[in-house]
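Accompanying notes for the structure given below.
Bear in mind these aren't lab numbers, they're just calculated from the coordinates by the rules spelled out. These numbers were taken from a predicted model, which means no experiment stands behind them. Here the Cβ positions follow ideal geometry from the backbone for every residue, glycine too, while neighbour counts run over all protein chains shown.
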Amino acid sequence: MKDSIRSRGRPLAAAAVLSAAALASALLVIPSSGASLRPARTPGVTAHRIVLGTTTPLTGPAAPGYDEIAPAANAVFSYINAHGGVHGRKITYLIKNDQYDPTLTVQYTQQLVENDHIFADVGGLGTPTQTSVQSFLNKHHVPQVFVESGCACWSQPKKFPYTFGWQPNYIVEGKILGAYIKSHFGRKRIGYLYQDDEFGQDGVKGLNREIPHRRVVGEQNYQGTVQGLGAGLGSQVSALQSAGAQVVALYTIPAATALALLAAAQLNYHPIWVVSSVGADPPTLAGLLGAFSKGKAGASLLNGMITNAYLPPETAGTNPWNRLAKAILKRYDKGFHWDGNSEYGFALGVTTVEALEQAGRNLTVKSFLNALETHAKALSNPGLVPLIYSRSDHYGFSGSEVVKITHDGRAISVLTPREITTLRGPITVYRGKPDSIPAQFRK
Amino acid sequence: MSLIEHRLPGAKSLERLRSQPLVWHLLLGVLAAAVLYLLTSSVSFYDNTIIAEIAWYAIAIAGLSVLTGGSGQISLGHGAFMAVGAYGAGLMMEHFRLPLVVPILVGIAAAALLGTVVGLPATRLRGPYLAGVTLALALAVQDLPTKFSSLFNGDSGIIVNQATPPGGVNPQRWLAWISLLAAILTMVVLANFMKSRFGRALKAVRDDDIAAQAAGLNPNRMRVLAFAVSAAAAGLAGGLEALWGGIVSPNSFSLFLSIQLLAGMVIGGAGTLIGAWWGALALVYVPQWTNSITSHLSSASTVTANLQNAVFGVLIIVIMMAAPSGIQGWLRAGYRRLRRRPSSLASALSPPLDLSSTSTPPERTSP
Amino acid sequence: MTLFIDLTLNGLSYGAIYAAVALGLVLIWRATRVINFAQGALATLTTYVAASLLDRSINSWVAFAAALVAGLVFGAVTERVFMRPLYGKPELNPVVVTIGLLILVESVAGAIWGSTDRGIAPPGGVSQSGIILGHTYLDFSAFDIFILGSVIVLMVLMLVLFRWTSLGLKMRASAFAPEVARLLGVRVGRILTVGWALATLAGALAGMLVAPLVFLSPNMMDPMLVYGFAAAVLGGLDSPVGALVGGILSGLGISYIGGYLGSSMETVGAALLLIAVLSIRPEGLFAAAKARRV
Amino acid sequence: MAQASEQSPAVAGPNTSLEVEGVTVSFGGLTALDNVSFRASDGEVVGVIGPNGAGKTTLFNVICGFVRPAAGRISWRGRELRHQRPHQLAHLGITRTLQGVGLIAGLSALENVMVGAQPLARTGSASALLGLPSSAKEERRLRASALEALARLGVAAYAGEHPSSLPYPIQKKIALARALVSGPALTLMDEPASGLSSSDIAELGELLRGLRSEMGVLIVEHNMDLVMATCDRIVVLDFGRVIATGTPAEVRANPVVTEAYLGAPVEAEASDA
């Protein structure tokens, strides 16, 4: 009797063994390509093919807008593939949806490296997401290039020789906008509204390096999390209005910029808006605000908004790069929107092609990195300022121009391109000319 | 009646062994470790990363399972406890050079402490009210790193120095070992706990508060204990995730994670430790599979991008309809059917585990 | 002072929207003891229905009505297809199915309409500009009045339905004593379908009200669901009046915290407030008196 | 505390274990118990009877701490039970059964009884988590006592079954075993005979008489045959007040009691139960 009862209370710790068995059986069922040997040659490169990969949010709260970037870059690769490829090699671009969750970034990046044997991780999006794979990619000697984030952390060539940034880092951007505010609105009261994460905080850091502290009458922020914009920005904008801010600098994503403009309009509050390039994409904003001002003044809410740009304004219809971009995207990116994000992806795709071109016929990781570090000036791209890659710097675009949005949504330059070649360095005027379109895009 | 006793000649000594949980568990643990060593060395490095991920997911889900299956409380904020464990361990790893076990223990302790603090008001809350509070907790914990960004480095997160494995072992394999070892220990500890008088007390409190009190149990103490143990497991999972990802950032601990853990638990089978492994496998592999399937499709990019989550949603719905007690419950029912028909296969299968003898608590009378 | 007034008005309009979401959750909780996590996603879907009608230049009031009707249909379908097989199963199962549905519906919306944010105009071109009262400009537009008004109308209609119609009587009977209701000849199954339909209509209204404020994307309703759920818990899940009060209190609370303490305190403050209230009243502000069984 | 027990030395004799003095409880405007006083001693079976709604279960709930009295005091071995919580009673040596069966559905019969044996446990949660030998030993000890209690009530054969699958009388015995397993000094039983057949009831009476040597028993019961046959003393409640106390014979003869049971003879009421 006793035994029968005891045998009922089976040692539950058999959980350990059974779970191991479950895991083992599951793994045995799952096909794994990873067990195959890594090719001795340069991974991801054959005589006819180059495999590139990326992780980016295609769904979820972070996806709006950003989900246009990778497909736009891919459109450039499709165009190049259709026109003979780079040195005869066609580009395969593997896009993984990490939903802006570092856990998924780690998983997919390792998959790209170890199962798909990518040559390089091109245009991975986000600071926390890309930080989580930075050391992995460097340890495995996989280039992590054109990281889509304005963190200064991508430029650490000694520690992370395989990592290269892309867009101007947020502090540099903030400095240029801050300098403009100081010289043009130096006597006005200034307020900040920023996303409470590294993007916003770094931007504010840059602004504060130029704007005297006593001029800043109000600082408001919002959370970059799912619920962050759930209650709108009414309370923040009300607080800035109460503080009497006459100039409001925004370090916001486009949806938040639009919400701030909406809230201000509702409050009959009309400060001068100075908006970082990240959140000031006029086509996107006009699309969002058009519904609000229907039957009234069109995109008039954007009138007079000041922002910076390191790529040609999308509204510059005659810009040859923009015309090329629209032609390529129309053909190779079904259902594309012409806005700052697709332009960004296009520029990134062009730069990638240029770098592969410069790396030469004998493409290796070494020749690729060498092309970036020593031929940065030769990488033709739509940027208004050069990419400053060197052996000691991996920043990316080094500055921007400042533009004002007109009543009809065009952007007119109010400050010619400025550049900052080192993070703590002075702002200087960039006197170079925009790149012309290289030969392989003129076929 | 005495089936086990007379089945095998050595059964008696086996039976004696089983009554000494410590020895028995150590033996099982050594066996499991051997199996897992073979497993981790026969698959690719990438698969080792996945094994490690499955292991910490399983730990977190098992902790949640002890809470929901054990004491009947629902947490929609277990991601918060993972976050606390991850930040606790991550900060230690960032600032001090300590043997790995210390930061992990700090993470566990921090999570258990928060679990106790949350568990106290939670003793008065039932069902959705508790879900509401834990949900709010998950949101709040996600925003704290930006509020105190000098300590937590805000949205960018803190970088964790991944320990260099000894003797030139591959780091991914090393992580898989650590995570699996932790997972096995956790399973043993949780199984012990649920099998002990505390587990019994938890079930008593879950099923009938009044009867439990009349029998001399303090339901509030049991609920707080369940929360603390459950949070400690989540804290361990968080610490391992920090080590695994090399970064601790609020983006890893979104509300979606908490919801995923709950879904994983119910898919696997609420209240069972084996079910936690099924849940973890589902959470890790379903996106992988759909991703590899969708990458071969050539439809518009918005469709392929969303297909992955759509399949996950469908899977959740289908499992809940086809196997209401989760995968483990379904397997167990299948096993029982097999056992009724005596066959050699049935006796070869080891009996499934049973944490909560009934996965369905009796319906509460509504007011 | 102006700041206080503006924060109050801002909080009121958002609070009304949270209340509509909370009402949808309460209706379903009362009838089926399920927290419907798919409520927000379904509302996003109905808002997309309206948006695609607007894209085809259909009258905005027609689109508005279409969204509400779509809410009724989606709610009924959800109950029939996804919930019906699960009654009597472990109580967590239907909840997890609504989570699966949330993920599925958001993906479907994303697959069809993409994840790009889009602006939605208020119906009938109702103005979103604030109004002038004396010499002060208030953060209160015609659309804010419309928000409050339509949520109040919804509440009153629901009240009338429950109190003074036979359908309402049947719904209350089915919710609180399904066995008795069945004996009295009430077709409880059909009544449950109606309940889900009405609840999803409340969500659809919330979607149409919030879209002009925060733009439409597949995840638009995620924060609304979270705050709406908190509001429902705060008010008491069994009480429609509690949903209204809980919603307004949440809206005001979040607005004040955001305006005075900064946005990073919003969720922390909301969580502390919720814990504090529930510690005193474990079943929400409008909890029904509960008999003790010994 | 000491003062309190000195106040009524005459009432609390050397054997008196439980003492209820002037307890009053009201729900809303309704007075459920009105100045109720009585005592129970070691080795004594005390019955509490009265018509429906007389406040019998409320009285149990006050003693256990489920309900707080508005006035009055309850003492246990001369110490006032001031803010006792239901779960603390078991540690003081007082156990109870609930109306119906009150078994825990998710646990087997044996486990149910082991829950009742837990006041005997000595090891902490840490050794349980680690599965230390001390914890295993503890577990064996609890299991042995639980089996013993089941065996005493003749239901050991059902140890591994889940309560819901067992006949009602068996369930009642398991519930009784749970109350007795920790060897209490006083057991409160709420309607132990309800739903039992007459042969089961006879068996129960036998058991109750047998328990005298080990503990005091306080029962609330409708079945007059059982009460009259087993109780040493009876407390009669009506509308929340004690209307009579005494031996079965005294109570039976008391006209007030007959009156309370709607003028009907006591035996007629009993056959209803």
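For the listed peptides A:105-111, D:39-45, a ranking on the average number of other beta carbons within 10 Å per residue, highest first, reads A:105-111, D:39-45.
Taking every residue in A:84-96 and counting other chain Cβ atoms within 10 Å of its Cβ, the average works out to 1. Where the alpha-carbon atoms of chain D are placed on the principal axes, they occupy 61, 47, 37 Å, in descending order.
Taking a temperature of 10 °C and a viscosity of 1.306 mPa s, what whole-number D in µm²/s does Stokes-Einstein yield for the range B:91-213 with Rh from Kirkwood over alpha carbon pairs? Rounded to a whole number, D works out at 88 µm²/s. Expressed per residue, the C-alpha convex hull volume of the range B:211-282 stands at 117 Å³.
In this structure, the residue pairs whose Cα-Cα separation is over 27 Å, taken from A:Lys182/A:Lys404; A:Lys175/A:Lys330; A:Lys96/A:Lys433; A:Lys159/A:Lys205; A:Lys90/A:Lys326; A:Lys90/A:Lys377, are A:Lys175/A:Lys330; A:Lys96/A:Lys433.
Would you kindly calculate the translational diffusion coefficient of the range B:10-252, applying Stokes-Einstein with the Kirkwood radius from alpha carbon pairs, for 25 °C and a viscosity of 0.890 mPa s, and quote it in µm² s⁻¹ without decimals?
Working: Rh = 18.9 Å.
Using the Kirkwood radius from Cα pairs, D works out to 130 µm²/s.
With respect to chain C, whose longest principal axis is taken over its alpha-carbon atoms, helix C:92-113 is tilted by about 40°.
What residue among B:Ala215, B:Gly168, B:Gly239 has its Cα farthest toward the positive end of the dipole of the range B:10-252, where the charges are +1 on Lys, Arg and -1 on Asp, Glu, each on the Cβ? Result: B:Ala215, furthest along the dipole toward the positive end. Classify the range D:77-224 from the C-alpha gyration tensor, please: rounded if a/c falls under 1.5, else prolate or oblate depending on whether a/b exceeds b/c. Oblate. For chain D, the longest principal axis of the C-alpha atoms and the axis of helix D:133-152 are separated by about 50°.
When a/c is below 1.5 the answer is rounded, else prolate if a/b is larger than b/c, else oblate, so apply that to the protein assembly as shown with a ≥ b ≥ c taken from the square roots of the Cα gyration tensor eigenvalues.
Note, shape of the protein assembly as shown comes out prolate.
Neighbours of A:Ser392 by Cβ distance under 15 Å: Lys/Arg scored +1, Asp/Glu scored -1, total +2. Principal semi-axes of the equivalent ellipsoid, √(5λ) from the alpha carbon gyration tensor of the range C:2-280, are 30, 22, 19 Å from largest down. The alpha-carbon of B:Lys203 sits under 15 angstrom from the alpha-carbons of these aspartates and glutamates, leaving out residues fewer than 8 places away in its chain: B:Asp354, B:Glu363, D:Glu111.
Among A:Thr109, D:Leu132, C:Ser239, flag the residue with its Cα farthest along the positive direction of the charge dipole of the protein assembly as shown, charges on Cβ as +1 for Lys/Arg and -1 for Asp/Glu. Projecting each Cα onto the dipole axis, the largest value belongs to A:Thr109. Based on the convex hull around the alpha carbon atoms, the range B:259-332 presents an average projected area of 4.9 nm².
The mean number of partner chain beta-carbon atoms within 10 angstrom of a residue's beta-carbon across peptide B:32-39 is 4. For chain D, the longest principal axis of the C-alpha atoms and the axis of helix D:198-211 are separated by about 80°. One quarter of the surface of the convex hull around the alpha-carbon atoms of chain A equals 27.9 nm², the direction-averaged projected area.
For A:Phe164, the residues whose amide H sits under 5 Å from its own are A:Gln144, A:Val145, A:Phe146, A:Val147, ignoring neighbours fewer than 5 places away on the same chain, with H placed 1.01 Å from N. Its residue count N fixes a reference of 2.2 N^0.38 Å for the range A:172-309, and the Cα radius of gyration divided by that reference is 0.96.
Across peptide B:46-52, the average count of Cβ atoms from other chains found within 10 Å of a residue's Cβ is 6. Here the range C:77-126 is assigned +1 on the Cβ of each Lys and Arg and -1 on the Cβ of each Asp and Glu. Its dipole about the Cα centre then comes out at about 160 debye. Calculated [222 nm] ellipticity per residue, helices only, for chain A: -12000 deg cm²/dmol; basis is -39500 (n - 2.57) per DSSP H run with n ≥ 4, divided by all residues, nearest 500. Decide, for the range C:209-262, between rounded, prolate and oblate: order the square roots of the alpha carbon gyration tensor eigenvalues as a ≥ b ≥ c, take rounded if a/c falls under 1.5, and otherwise choose prolate if a/b is larger than b/c, else oblate. Oblate, since a/c reaches 1.5 and b/c is not below a/b.
Think of the range C:2-280 as a dipole: +1 on every Lys or Arg Cβ, -1 on every Asp or Glu Cβ, centred on the Cα centre; then among C:Gly114, C:Pro223, C:Thr200, C:Thr200 lies furthest on the positive end. Beta-bridge orientation, the protein assembly as shown: approximately 45 percent antiparallel, per DSSP, counting only bridges with both partners inside.
The order of the peptides C:90-100, C:36-46 by mean Cβ neighbours within 10 Å, most packed first, is C:36-46, C:90-100.
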